[in-house]
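The values are calculated or read from the model by the stated rules, or taken from the named source; none is laboratory data. Quick caveat, the model's predicted, so the values are computed rather than measured. Here the Cβ positions follow ideal geometry from the backbone for every residue, glycine too, while neighbour counts run over all protein chains shown. What goes into the accessible areas is simple: the full protein's heavy atoms, side chains included, and nothing from ligands, DNA or RNA. Shrake-Rupley method; radii C 1.70, N 1.55, O 1.52, S 1.80 Å.
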Amino acid sequence: MRINWNEQSSPMGFIDLNVYPVIAYDTETTGIQYPKDKVFGFSIACPDGRRGYWDIRENPQAIQWLNTQM
């Protein structure tokens, strides 16, 4: 996990994305052949400049957090 927002504001640096009208979301995958290839990381950028990247192999709880935000 690499983030630039205050990790002490919430567990593992996770913030409430629902306070933003829009966010940018991108994934890192092992390839483009579904279902063979898998997501292994994602990044999020917010309008206020906060941004973060999570490698879900190292931080699998990031998936649960992201699911609650969508």
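Miscellaneous remarks
- For first residues located in the stretch 48-61 and farther than 20 Å from residue 24 by Cβ, partners that are open to solvent by 40 Å² or more (accessible area, probe 1.4 Å) and assigned to a strand (DSSP E or B) and lie 6+ apart or on another chain with Cβ distances below 6 Å form the pairs 57/40.
- A search for C-beta distances below 7 Å between a residue of the stretch 26-37 that is in a loop (DSSP other than H, G, I, E, B) and any residue that is exposed (fewer than 10 other Cβ atoms within 10 Å of the Cβ), counting only pairs 6+ apart in sequence or on different chains, returns 37/31.
- Any hit, the stretch 43-62, residues being of a type in the set (Val, Ile, Thr) and either more than 12 Å from the chain's Cα centre (by Cα) or open to solvent by 90 Å² or more (accessible area, probe 1.4 Å) (or both): no
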